[in-house]
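The values are calculated or read from the model by the stated rules, or taken from the named source; none is laboratory data. All values reported here derive from a predicted model rather than from experimental measurement. Please note: Cβ atoms are built from the backbone with ideal geometry, for glycine as well, and neighbour counts cover all protein chains shown.
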Amino acid sequence: MPTHPLTTDTGELSPLPHDLPFDPTHGYDLPRLLAVKAPPEPDDFADFWRERYASALTVDTAPRIEGPWATVDGVRVADVSYMSTDGVRIGGWLTVPADGRVTQGCVSTHGYGGRSAPDSWQAPPGTATIWPCLRGLGTRSLLPGVPSNSAGHVLHGIGARESYLIGGCVADVWCAATALRLLVPEAAGRLTYLGTSFGGGIGALALPWDDRFRAAGLTVPTFGNHPLRVTLPCTGSGESVRMRFAEEPTVLDVLAYFDAATAARHIEIPVHVSAALFDPHVPPPGQFAVHNALAGPRELLVLRAGHFAYPGEPAETAALEDAQRTFLSGPDPVAPSPTA
């Protein structure tokens, strides 16, 4: 566990001041967070996702570069789009090293705030990265009738597992990988994944079934342990789900297929997880449930807080990004003990 700037004289973390109507730690300290498990999974959980993955592989992604290339922060950047499932065309960006030397590829997704540009400094050197805006989210993949705000997006189609929009977002990741390999064939040899918050949860759902990915970084991942999440107030998309559950408890029958912690049981590639002790937006127990359930090599970076400004945040964010770049750089990493 890394050191943090906000500590008491005894070396313990001091409470973060806030004016929220609930405790963003939900009473969990680190030992208790490391004990959170994934919920039981439906008997056909793996079959459901394998069938969706197989269907996504049949899509002609027809990727295309749209507009001119530009050079920003040492990488070449271009607008890109590709076809995903359900006839949805996804927009985003492609970045490649300015010197043209590509050693690996990356699919990098975003939080529920969407994305208006690529964050090219996040990827390791030598990486060709596709930065999709997942369906229904800005600025490149807005859809008629689909709310672009997290409160509405997370509930769209939630009445059935076949129609739930989150499943389409997972397919967008698989199709992004296909598109990247077509656009930059050199990226096919070693493909990685980066996802934050919403993108962290989507990544956990996507990774188990797609053997093209070799390593991943998940930052404050959402969608972990839905049965626990619906009992915890928050300021993020989980609050909409919690309110729906209060009206319609059977919604958990659908959410059982979209639980990032359940999916993590099936992830065998190396995964770097950064999870927060304090987070008003994504309850920390759900974040840690994703990490704790991982079946393969894993590395944990414990953050002081997520989705919340605090003293020392810039330094901790820089340390996180450096740790992720190191982890995702070849050769494939072998993680130390998750509590080290």
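The table for this structure:
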| read-out | value |
| --- | --- |
| Which numbered condition Arg115 fails, given (1) assigned to a strand (DSSP E or B); (2) in contact with a Lys or Arg (Cβ under 9 Å, 6 or more places away or on another chain); (3) basic (Lys, Arg) | (1) |
| Tabulated pairs, the stretch 90-108, first within 18 Å of Ala56 (Cβ to Cβ), second of a type in the set (Val, Ile, Thr) and not in a strand (DSSP E or B), C-beta under 6 angstrom, 6+ apart or interchain | Val107/Val173 |
| Any chance Thr95 is in contact with a Ser or Thr (Cβ under 6 Å, 6 or more places away or on another chain), modelled with pLDDT of 95 or more and more than 28 Å from Pro147 (Cβ to Cβ) | yes |
| Count of residues meeting criterion [among the hydrophobic types (A, V, I, L, M, F, W, C), under 17 Å from Arg304 (Cβ atoms) and free of Cβ contacts under 8 Å to residues at least 12 places away in the same chain] in the stretch 14-62 | 0 |
| Test result for Ala289, of a type in the set (A, V, I, L, M, F, W, C), in a helix (DSSP H, G or I) and more than 21 Å from Glu321 (Cβ to Cβ) | yes |
| Boolean, Thr222 is surrounded by 19 or more Cβ atoms within 10 Å (Cβ to Cβ), in a helix (DSSP H, G or I) and of a type in the set (Ser, Thr, Tyr) | no |
| Restricting the stretch 292-316 to residues that are in contact with a His (Cβ under 6 Å, 6 or more places away or on another chain) and outside any strand (DSSP E or B), the residue that is nearest to Gly200 (Cα to Cα) | His307 |
| Candidate set from the stretch 150-164 (those that are in a loop (DSSP other than H, G, I, E, B) and in contact (Cβ under 8 Å) with a residue 24 or more places away in the chain); member that is nearest to Asp86 (Cα to Cα) | Tyr164 |
